[in-house]
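The values are calculated or read from the model by the stated rules, or taken from the named source; none is laboratory data. Remember, it's a predicted structure, so these values are computed and weren't measured experimentally. Remember, those area values only see protein heavy atoms, side chains included, never the ligands or the DNA or RNA. Shrake-Rupley method; radii C 1.70, N 1.55, O 1.52, S 1.80 Å.
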Amino acid sequence: MIFYFSATGNSKHVARRIAGELQDEILSITECMKRESYAFAPRENEPVGIITPTYFWGLPNIACDFLNRLNRTRYDARSKK
C-alpha cells in the first residue's frame, strides 16, 4: 500500500513505478482527504509507503494533515473468509 501526494505529477510517477515493481496499489492522499477516508487495513506484513515531495521547510501541509489523521487498522484475515 503506497500513499502519495503529487502537485506536479513527479511523485505520482515515482509511486506508480514503485507500485509496479512491487505489484502493489497506490492511493492518492489528495483523494483520501477529499473523501475524508483515513482508515486503512494493510494485509498482514504488508509494508506501507509514503511518497511526497519534500520542500525546504518540510513536508507539504496536506501530507502532514493526512499522516496526522491516518488510522492504520490491523488486518484480520479471518474476517475476510
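Overview of values
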item	result
List Glu46, Glu21, Glu31, ordered by accessible area with a 1.4 Å probe, largest first	Glu21, Glu31, Glu46
Normalised contact order of the chain, rounded percent, pairs of Cα under 8 Å and 6 or more residues apart	36 percent
Accessible surface of the chain [probe 1.4 Å, protein heavy atoms]: carbon and sulfur percent	47 percent
Gained length - Arg17 relative to Thr30, 0.36 nm times residue gap less alpha-carbon distance	2.8 nm
Heavy atoms of Glu44 accessible to a 1.4 Å probe, total area in Å² rounded to 10	130 Å²
Potential extension, Asp65-Asn10 segment - 0.36 nm per residue separation minus Cα distance	17.8 nm
Cα long-axis angle, helix 10-22 against the chain (0 to 90 degrees, to the nearest 10)	30 degrees
